[in-house]
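Engineer: Please find one structure pasted underneath; my questions will follow.
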Amino acid sequence: MAITTELALSMPKGLGASLSGIATRKSLEGAPPTADLDYVLPGAESAIVFAVPFDQGLIEPFLSKGDFSLSGHKIERTTLAFGISFELSTVLTSLGHRAVPVAPNFAFRKDAPNGIYDRVPPISLKLLAAACGIGSIGQSGLLLTKQHGAAFSLGGVVTDMELEPTAPLPESENYCDRCLLCKKSCIADFILPGERTVTIGGREVRAGNCRPAARCAYPCGGITGLDRSGEWSTWSPGRFPLPEEDEEYRTISKRYVERYLQRRRVGPVSYNPLLAGTYEMQYTCSNCQFVCHPDKAVRKRRHALLVGGGVVVEDEGGGKRAVSPEEAEELLSGMPEERRRLFTD
């Protein structure tokens with residue numbers, strides 16, 4: 001049996017995805033270079049794209065800093081998305097097609113001006129997913145869906161198969177109203193106000209208005225976590241500085257990564273090629289992704305939980321818990337200098 005468009009759309013769902021779509025060379029015409037199928041597979045015609053959702057029930061306990069389980073869950077679901085991509089590509093190549101799986105995360109172009117440190121993906125699953133109707137792009141730069149908000153991982157396969165494209169969503173279905181709660185949930189000020197658009201398949205599409213990716217990665221991977229106000233933090237116990245200028249974020253992670261990697265990580269980890277040493281990483285932020293929800297009342301509640309949840313400290317075994325800003329200061333000041341340097345200058 002040949003792989004039809006209908007079968008290509010159903011296969012990811014059979015493996016654990018909830019949404020799927022197909023982008024083609026034609027439906028991506030005029031898109032930014034990061035949507036170039038040829039970069040991944042010369043002569044490619046189509047991409048099968050899909051979303052693997054996260055457990056919504058874990059989001060509010062995570063944002064309130066009562067339960068860290070969502071970090072490991074995100075790692076596991078993102079790994080599942082990569083596994084689905086790999087399985088689909090294996091099936092397609094076994095049937096005589098050319099196909100390349102697309103990693104959901106931690107794959108970067110080596111030919112960017114600063115190599116992998118520019119964090120440019122081989123191909124943007126977000127742009128492909130916007131082109132094929134899985135979701136719409138919000139102010140945060142994330143893909144948004146009415147089913148899951150922004151809480152999911154994307155995966156995909158680029159192939160030489162000629163499949164029929166699925167239609168993009170009309171802009172009227174984009175629930176992003178520029179409330180900027182995503183921006184208010186980001187300690188590194190990664191998200192900017194104002195509108196930016198890109199062209200995809202001859203359509204002007206709203207795109208995120210964001211600063212360089214290094215600005216996001218610094219807190220999201222856990223190196224630092226304290227908001228400038230000192231009143232709340234991400235799940236990171238780090239208290240390293242948050243520069244104002246974008247250029248400083250290109251090198252600041254390298255300055256503190258050795259100390260970060262000396263902290264203990266409890267539970268599932270990802271392996272990030274930018275964290276030279278053990279390469280181990282746990283998500284301690286993703287706040288913009290988890291605060292966002294189609295219902296604005298839910299967004300507001302989630303943001304309030306985040307900023308009202310105190311600041312996180314880490315014990316010698318790697319366990320994390322939230323305390324008041326005052327108690328955190330006392331705990332840090334009482335640490336031996338060698339241990340305190342793992343969290344602050």
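Engineer: What's the total number of residues in segment 257-297 that are touching a residue at least 40 places away in the same chain (Cβ under 8 Å) and of a type in the set (Val, Ile, Thr)?
Structural biologist: Of segment 257-297, the ones touching a residue at least 40 places away in the same chain (Cβ under 8 Å) are 259-260, 262-275, 281-294, 296.
When the remaining residues are screened for being of a type in the set (Val, Ile, Thr), the result is 266, 269, 284, 291.
Of the residues in segment 257-297, 4 are touching a residue at least 40 places away in the same chain (Cβ under 8 Å) and of a type in the set (Val, Ile, Thr).
Engineer: Tell me, please, whether a residue that is under 29 Å from residue 326 (Cβ atoms) and surrounded by fewer than 23 Cβ atoms within 10 Å (Cβ to Cβ) can be found in segment 192-200.
Structural biologist: No, every residue in segment 192-200 fails to be under 29 Å from residue 326 (Cβ atoms) and surrounded by fewer than 23 Cβ atoms within 10 Å (Cβ to Cβ).
Engineer: What pairs come up if the first residue lies in segment 325-345 and is under 17 Å from residue 240 (Cβ atoms), the second is open to solvent by 100 Å² or more (accessible area, probe 1.4 Å) and of a type outside the set (Gly, Ala, Ser), and their beta carbons are under 7 Å apart, counting only those six or more places apart or on different chains?
Structural biologist: Once the first residue is under 17 Å from residue 240 (Cβ atoms) and sits in segment 325-345, its partners that are open to solvent by 100 Å² or more (accessible area, probe 1.4 Å) and of a type outside the set (Gly, Ala, Ser) give 325/231; 342/262.
Engineer: Would you mind finding the one in 52, 100, 120 that is in contact with a Lys or Arg (Cβ under 9 Å, 6 or more places away or on another chain), open to solvent by 20 Å² or more (accessible area, probe 1.4 Å) and touching a residue at least 40 places away in the same chain (Cβ under 8 Å)?
Structural biologist: Result: 120 is the single residue among 52, 100, 120 that is in contact with a Lys or Arg (Cβ under 9 Å, 6 or more places away or on another chain), open to solvent by 20 Å² or more (accessible area, probe 1.4 Å) and touching a residue at least 40 places away in the same chain (Cβ under 8 Å).
Engineer: Kindly provide the set of residues from segment 140-167 that are in contact (Cβ under 8 Å) with a residue 60 or more places away in the chain, among the hydrophobic types (A, V, I, L, M, F, W, C) and within 22 Å of residue 6 (Cα to Cα), ordered by number.
Structural biologist: The answer is 154, 157, 158, 161, 163.
Engineer: Another question, if that's okay. Look through 275, 331 and report the one residue that is farther than 16 Å from residue 190 by Cβ, surrounded by 14 or more Cβ atoms within 10 Å (Cβ to Cβ) and touching a Gly at 6+ places or on another chain (Cβ under 8 Å).
Structural biologist: Of the residues listed, the single one that is farther than 16 Å from residue 190 by Cβ, surrounded by 14 or more Cβ atoms within 10 Å (Cβ to Cβ) and touching a Gly at 6+ places or on another chain (Cβ under 8 Å) is 275.
Engineer: Look through segment 201-223, keep the residues that are farther than 27 Å from residue 273 by Cβ and not small (Gly, Ala, Ser), and return whichever of them is surrounded by the fewest Cβ atoms within 10 Å (Cβ to Cβ).
Structural biologist: Top of the filtered list is 204.
Engineer: Just name the residue that is surrounded by the fewest Cβ atoms within 10 Å (Cβ to Cβ) out of those in segment 255-272 that are out of contact with any strand residue (DSSP E or B) (no Cβ under 8 Å at 6 or more places or on another chain) and hydroxyl-bearing (Ser, Thr, Tyr).
Structural biologist: Restricting to residues being out of contact with any strand residue (DSSP E or B) (no Cβ under 8 Å at 6 or more places or on another chain) and hydroxyl-bearing (Ser, Thr, Tyr), the top hit is 256.
Yes/no matrix, rows are residues, columns are (1) at positive phi; (2) in contact with a strand residue (DSSP E or B) (Cβ under 9 Å, 6 or more places away or on another chain):
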site	(1), (2)
277	yes, no
282	no, yes
287	no, no
292	no, yes
301	no, no
306	no, no
313	no, yes
316	no, no
320	no, yes
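Engineer: Exactly one condition in (1) under 28 Å from residue 85 (Cβ atoms); (2) assigned to a helix (DSSP H, G or I); (3) open to solvent by less than 40 Å² (accessible area, probe 1.4 Å) is false for residue 249; which is it?
Structural biologist: Failed condition: (1).
Engineer: Answer yes or no: is there a residue in segment 6-25 that is touching a Gly at 6+ places or on another chain (Cβ under 6 Å) and under 14 Å from residue 167 (Cα atoms).
Structural biologist: Yes, because at least one residue in segment 6-25 is touching a Gly at 6+ places or on another chain (Cβ under 6 Å) and under 14 Å from residue 167 (Cα atoms).
Engineer: Given the condition touching a helix residue (DSSP H, G or I) at 6+ places or on another chain (Cβ under 9 Å), of a type in the set (Phe, Trp, Tyr) and surrounded by fewer than 22 Cβ atoms within 10 Å (Cβ to Cβ), answer yes or no: does some residue in segment 69-88 qualify?
Structural biologist: No, segment 69-88 has no match at all.
Engineer: What about residue 64, is it more than 16 Å from the chain's Cα centre (by Cα), modelled with pLDDT of 95 or more and under 24 Å from residue 202 (Cβ atoms)?
Structural biologist: no
Engineer: Continuing with the same structure: May I ask you to list the residues in segment 35-49 that are out of contact with any helix residue (DSSP H, G or I) (no Cβ under 7 Å at 6 or more places or on another chain) and either crowded, with 23+ Cβ neighbours inside 10 Å or among the hydroxyl-bearing types (Ser, Thr, Tyr) (or both)?
Structural biologist: Filtering segment 35-49 down to residues out of contact with any helix residue (DSSP H, G or I) (no Cβ under 7 Å at 6 or more places or on another chain) leaves 36-43, 45-46.
Within segment 35-49, 37, 39, 46 qualify.
Residues checked against (1) touching a residue at least 60 places away in the same chain (Cβ under 8 Å); (2) buried (at least 24 other Cβ atoms within 10 Å of the Cβ); (3) part of a helix (DSSP H, G or I):
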{"site": "126", "(1), (2), (3)": "no, no, yes"}
{"site": "130", "(1), (2), (3)": "yes, yes, yes"}
{"site": "169", "(1), (2), (3)": "no, no, no"}
{"site": "179", "(1), (2), (3)": "yes, no, no"}
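Engineer: Could you pull out the residue among 302, 321 that is surrounded by fewer than 19 Cβ atoms within 10 Å (Cβ to Cβ) and of a type in the set (Lys, Arg)? Spell out the reasoning first.
Structural biologist: Details: 302 fails: surrounded by fewer than 19 Cβ atoms within 10 Å (Cβ to Cβ).
Selected residue: 321, the only one of 302, 321 that is surrounded by fewer than 19 Cβ atoms within 10 Å (Cβ to Cβ) and of a type in the set (Lys, Arg).
Engineer: Of the residues that make up segment 86-97, is at least one of a type outside the set (Val, Ile, Thr), under 19 Å from the mean Cα position of the chain (by Cα) and under 26 Å from residue 149 (Cβ atoms)?
Structural biologist: No - not one qualifying residue is present in segment 86-97.
Engineer: While we're here: Would you point out which residue out of 69, 64 is touching a Gly at 6+ places or on another chain (Cβ under 7 Å) and within 30 Å of residue 237 (Cβ to Cβ)?
Structural biologist: Among 69, 64, only 64 is touching a Gly at 6+ places or on another chain (Cβ under 7 Å) and within 30 Å of residue 237 (Cβ to Cβ).
The values are calculated or read from the model by the stated rules, or taken from the named source; none is laboratory data. Predicted model, so just to flag it, every value in this text is computed and none were measured. Heads up, the Cβs are rebuilt from the backbone with ideal geometry, glycines too, and the neighbour counts pull from every protein chain shown. Each accessible area value is taken on the protein alone, full model and side chains, heavy atoms only, with ligands, DNA and RNA left out. Shrake-Rupley method; radii C 1.70, N 1.55, O 1.52, S 1.80 Å.
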